[in-house]
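A short reminder: the numbers here are calculations on the coordinates, not readings from a lab. All values reported here derive from a predicted model rather than from experimental measurement. Heads up, the Cβs are rebuilt from the backbone with ideal geometry, glycines too, and the neighbour counts pull from every protein chain shown.
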Ligand code: UTP
């Protein structure tokens with residue numbers, strides 16, 4: 001347990017003395033809680049503010065050939081056979097990343113609880129579970145579903161899913177685990193307070209999922225169940241195909257350390273991360289890093305080579321994940337809306353971004369792996385992300401895509 005003097009030295013070391021302002025006015029229990037929070041707070045993420053330019057440096061980018069739809073169609077049966085066998089043998093698990101705050105959507109509930117129905121209730125979690133149930137039915141095998149939550153939404157998520165009886169999923173195949181948190185700062189790098197004696201913390205990004213699985217015993221559970229592959233996916237793509245036997249089979253057949261579902265970009269400058277090689281290893285280059293030269297690089301058939309965007313659906317091999325588990329992921333500094341306590345001691349929920357959060361991202365794990373299969377999927381069938389209320393990647397656009405796919409709302 002850290003005492004006040006130690007907390008003072010620790011915070012001072014990072015220029016965060018203000019976190020202890022008013023400490024003497026707190027009740028005993030609040031004092032203890034604050035000291036415990038400071039002891040557990042990973043202040044080292046703040047270093048990312050100093051190294052912003054440094055961390056943005058890229059290696060040599062070259063194309064990574066995507067396995068395209070035509071080839072997948074041709075080999076569908078072969079891949080489906082291999083993938084189905086692995087699923088039936090219990091080798092494939094699914095990991096739902098649902099620890100995010102979904103601030104762009106602007107609901108206080110976890111994103112998965114969002115109701116996208118029109119004439120009836122259709123929750124995001126429900127859509128996702130139904131998609132996974134398709135494979136359960138097809139293969140006659142229950143697939144372990146691991147759900148990552150955070151301190152901010154664990155209670156709401158677990159009680160909602162329980163209340164809904166896991167939308168028909170067998171509860172013994174559902175395991176929750178919590179991710180870690182990181183402090184959030186203003187634009188000067190000063191950590192916000194959320195309430196008297198409470199530091200503003202937020203989920204530390206989706207990149208820590210594997211270490212959190214280890215820490216909370218979920219990996220052991222997966223290994224005991226015989227799981228060798230983990231299909232990681234985001235909560236917000238309601239057309240997501242999970243543990244897709246064809247994708248699983250293709251990744252296995254290629255012998256790649258990881259498989260990544262990708263979609264053809266709608267335009268060369270679409271704002272999605274693109275699969276590539278960086279210094280000969282698989283990597284994802286962000287849209288804002290894609291120079292005109294790269295954007296317009298063509299292959300021998302005259303097609304753009306940096307033309308396939310990632311949709312946050314990856315199939316990792318467990319032994320390869322264990323090899324990289326101790327490697328440190330880069331910390332990304334992202335501008336977000338951060339609720340904070342003002343000088344008057346009132347909680348403010350800003351309408352616009354007001355500072356930085358610090359996140360590890362799952363896409364950085366791809367670069368740590370030896371090889372990656374980029375696997376094309378039909379965009380209108382498998383990609384309907386919900387990031388915003390309206391406009392691009394929104395509830396509206398996802399509803400339209402669900403309708404196109406015959407899903408009643
Ligand atoms: P996003 O970065 O789109 O989601 O995460 P967000 O942070 O929830 O949303 P905004 O930016 O505030 O609107 C993509 C996926 O990663 C998960 C999300 O739940 C989503 O499935 N995620 C994100 C986590 O599990 N933990 C995090 O800390 C962040």
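Assorted remarks:
- Computing FRET efficiency as 1/(1 + (r/R0)^6) for residue 42 and residue 389, where r is the C-beta to C-beta distance and R0 is 25 Å, gives about 0.20.
- Förster radius 35 Å - calculated FRET efficiency between residue 73 and residue 155, Cβ distance, rounded to 0.05: 0.20
- Semi-axes of the equivalent ellipsoid of the stretch 11-64 are 39, 13, 6 Å, computed as sqrt(5λ) over the eigenvalues of the C-alpha gyration tensor in descending order.
- Using C-alpha pairs under 8 Å with a sequence gap of at least 6, the mean separation divided by the residue count of the stretch 206-293 gives a relative contact order of 12 percent.
- Mean separation of Cα contacts under 8 Å, 6 or more apart, over the residue count of the chain: relative contact order %: 23
- Sorted peptide list for 384-390, 215-221, criterion being average Cβ within 10 angstrom, highest first: 384-390, 215-221
- Percentage relative contact order, the stretch 1-137, counting C-alpha pairs under 8 Å, at least six apart: 11
- The C-alpha atoms of the chain occupy a region whose extents along the principal axes are 70, 51, 42 Å, arranged from largest to smallest.
- Rounded if a/c under 1.5, otherwise prolate or oblate - the stretch 1-137, Cα gyration tensor axes: prolate
- Going by neighbour counts of Cβ atoms within 10 Å, the residues 276, 254 line up, fewest first, as 254, 276.
- Sorted by Cβ neighbour density within 10 Å, fewest at the top, the residues 260, 267: 267, 260
- Full extension of the chain between residue 343 and residue 142 gives 67.1 nm of extra length, using 0.36 nm per residue less the Cα-Cα distance.
- Among 135, 305, 262, the order by Cβ neighbours within 10 angstrom, fewest to most, reads 305, 135, 262.
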